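First comes the structure, then the notes that go with it.
Bear in mind these aren't lab numbers, they're just calculated from the coordinates by the rules spelled out. All values derive from a computational prediction rather than experimental measurement. As a convention, Cβ positions derive from the backbone with ideal geometry for all residues, glycine included, and neighbour counts pool all protein chains shown.
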Amino acid sequence: MTGDVPETVTAALADQQVAGQVCLEAGAGVGNTTAGLLTAGAKRVYAVTNDADHAATVRDRVGDGNADRLAVVTADLRATPLATDSVDLVTAHGLCNVLPPADLNAVAAELARVARPDSHLVVDDYAVPPASAAVTRLFALENAAARVVDGRPALTFYPAGVLAAMFADHGWAIERRKTLLDPVPWTEAHIEAHSDVVREYADELPDVVGEPLATMADNLVSAIGSERAGTMYSLAFRLADR
Amino acid sequence: METRALGDTGQESTVLTFGSIALNWLEQEGANQLVELVLDHGVNHFDVAPTYGDAELKLGPKLRQYREEVFLGCKTQEREYEGAAQKIDRSLNRLGIDTIDLYQIHGLEYEAELDTITADGGALDAIREAKAAGKIDHIGLTSHGNPQLIIDAIDRIDDLETVMFPLNPVVAGKDGDEYDYEAVLERCESEGIGTLGIKAFAKGSWPPTDELAEADRPYANWYEPVDTPEAIRERFDFAAAQSLDTVVSPGDPKLVKMVLDAASRSEGMDEARQRALIEEARHDDSPVPEQLHH
Ligand SMILES: C[S@@+](CC[C@H](N)C(=O)[O-])C[C@H]1O[C@@H](n2cnc3c(N)ncnc32)[C@H](O)[C@@H]1O
């Protein structure tokens, strides 16, 4: 039992060879894709994240009964401890939008290094949400707070074509594109989770800045409630040549 | 309205089936008008049960007037021969007709019931006898229960021709075996068994009665329904996209017109949108920690 696997993950993996494959789940998050890969019969899953809490969550959620198939690795995706040419399938589900643009290239290069020739890559992410969407205001606030605190944005949404071209540059030939969600349901739980991020940044700042930021987040939560906006896409690649 | 083959029964059912329980809440004149409205929208499959108050009686007049145009499903909760035989005759009487097109074992919940139904002297004996006597045409089953139980029933009842079970984005998003109606759909598909979807319009359970007394509920349904034209259209399109043969309309007459409009104008639903609805529902009661992403 691996817990519920979201439809987005199931749909993204549906046309991929997973059973018997060595997989790298790049940016393991809460373990949705890790669960999907294990359910689909992966031989081994390296679930990599640079966040120790996420690593613990993934172990809690899917570790039971999968000790021989799952390795949760706490590492930076720009330089992982995995061997060159060792992976059959790489997944990056909702990863790119949390990568600072400056890191994207290095991560793509590293994924191409660990992947064996002819291996596959699945990249799932959000299209740029419409400017008119209310969630766009929340994401903008989140990015403003992140820039002030960390000097980098929290979220960057890439058009599918941009990611396709960027990975192509590292030898990944695009094989298909499909729409996973249209519209994307930003539920109250998602909105709440994003505003929590704003509040965490706000806590790091002097009260004069932090308090108004937190208030803006609260106001946005009540104004938005939940919203359906934008799309989520899936790109599948094959590693051609480097 | 679109029609689909109801399994291998030979019946081409409209993608919307009229849940005639809605008639129970109306006076006879209103019931007659609702049936006319349903027929005006082209619906050719009706479903009723003796347990739905006066629904059989109120359906009777218009059913008899349009008997040739309506494929009628009825049901029994009896599990043994005697009871089932009586209920068939009683329903024929109350409806005022000679033949019920589809007679369904209603609300199967436990394996033990299946034992009783299929044993000597069980309800199936009576249903088969009625079939031989021309009182019914096809045999079906309904269940809100475990999908595996439905599959067991398919295994054990050779002449089963249709099954009716819940399907909506909430159910579709749950992974456990106890929600795997997908497996039932696949099985039915491969065996030519017709499929009817219920609870397509269910939003959730009613609040507990100490918060909202039963008498204060705004709808007659035993669950809280979605009740805006957009939500109804969306739920209908979703259910119809799940490879069900037909979707049963909700039990409250106030919702029927909206559902008829949704079914008449339906243009299908692509997979990305189906997934969006499932994900939206899934997040309302997800055990997984707070998530920023999908
Ligand atoms: C939004 S989550 C991805 C969701 C996840 N794929 C799933 O299916 O549940 C993003 C993950 O990427 C991780 N991450 C972001 N940048 C990273 C980096 N440079 N190196 C390693 N992990 C990173 C984050 O810590 C987080 O665990």
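Summary table
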{"read-out": "For the range A:148-193 and the range B:135-154, distance of Cα centres in Å", "value": "44 Å"}
{"read-out": "Selection from B:30, A:145, B:127 lying farthest towards where the dipole of the protein assembly as shown points positive, charges on Cβ", "value": "A:145"}
{"read-out": "Virtual spin-label span in nm between residue A:109 and residue B:128, 7 Å along Cα→Cβ", "value": "7.4 nm"}
{"read-out": "Dmax and Rg, reported as Rg then Dmax, of the range A:1-106 (C-alpha, Å)", "value": "12.7, 38"}
{"read-out": "Chain A: equivalent-ellipsoid semi-axes (sqrt of 5 x gyration tensor eigenvalues, Cα, Å)", "value": "31, 19, 18"}
{"read-out": "Computed [θ] at 222 nm, helices only, for chain A once each DSSP H run of length n ≥ 4 contributes -39500 (n - 2.57)", "value": "-13000 deg cm²/dmol"}
{"read-out": "Two-site label geometry, residue A:60 and residue B:12: point separation in nm, points 7 Å out along Cα→Cβ", "value": "5.6 nm"}
{"read-out": "Derived scalar couplings ³J(HN,Hα) [the range A:5-19; Karplus, 6.51 cos²θ - 1.76 cosθ + 1.60; whole Hz; x for Gly, Pro]", "value": "9, x, 4, 4, 5, 4, 5, 5, 8, 3, 9, 10, 7, 10, 3"}
{"read-out": "Kirkwood hydrodynamic radius over Cα pairs of the range B:3-283, then Stokes diffusion coefficient at 37 °C and 0.692 mPa s, in µm²/s", "value": "173 µm²/s"}
{"read-out": "Pairs beyond 32 Å (Cα-Cα), from B:131/B:199; B:58/B:203; B:135/B:203", "value": "B:135/B:203"}
{"read-out": "Magnitude of the charge dipole, the protein assembly as shown, Cβ model with Lys/Arg +1 and Asp/Glu -1, debye to 20", "value": "1160 debye"}
{"read-out": "Linear extension gain, residue B:5 paired with residue B:205, 0.36 nm per residue minus alpha-carbon span", "value": "68.8 nm"}
{"read-out": "Label-point separation in nm, residue B:290 to residue A:209, each point 7 Å along Cα→Cβ", "value": "2.2 nm"}
{"read-out": "Spatial separation of Cα centroids for the range B:59-93 and the range B:1-37, in angstrom", "value": "14 Å"}
{"read-out": "For the range A:154-166, Karplus couplings with θ = phi - 60° (6.51, -1.76, 1.60), whole Hz, Gly/Pro x", "value": "7, 9, 9, 9, 10, x, 3, x, 5, 5, 4, 5, 5"}
{"read-out": "Dipole of chain A, positive direction: furthest Cα of A:130, A:89, A:66, with charges on the beta-carbon", "value": "A:89"}
{"read-out": "For chain B: relative contact order, % (alpha-carbon pairs under 8 angstrom, 6 or more apart)", "value": "19 percent"}
{"read-out": "Total charge dipole magnitude, the range B:3-283, about the Cα centre, Cβ charges on Lys, Arg, Asp, Glu only, Debye to nearest 20", "value": "820 debye"}
{"read-out": "Convex hull volume of the protein assembly as shown per residue (C-alpha atoms, cubic angstrom)", "value": "168 Å³"}
{"read-out": "Antiparallel DSSP beta bridges within the range B:120-269, percent to nearest 5", "value": "15 percent"}
{"read-out": "Contour minus Cα-Cα distance for residue A:144 and residue A:196 (0.36 nm per residue)", "value": "17.3 nm"}
{"read-out": "Charged-residue dipole, Cβ positions (Lys, Arg, Asp, Glu), chain A about Cα centre, Debye nearest 20", "value": "840 debye"}
{"read-out": "Paramagnetic reach from residue B:109 in the range B:155-172 [backbone N under 19 Å; point 7 Å along Cα→Cβ]", "value": "B:164-167"}
{"read-out": "Added length on full extension, which subtracts the Cα-Cα distance from 0.36 nm per residue, residue B:158 to residue B:261", "value": "33.4 nm"}
{"read-out": "CD proxy at 222 nm, helix term only [per DSSP H run n ≥ 4: -39500 (n - 2.57); per residue of chain B; nearest 500]", "value": "-12500 deg cm²/dmol"}
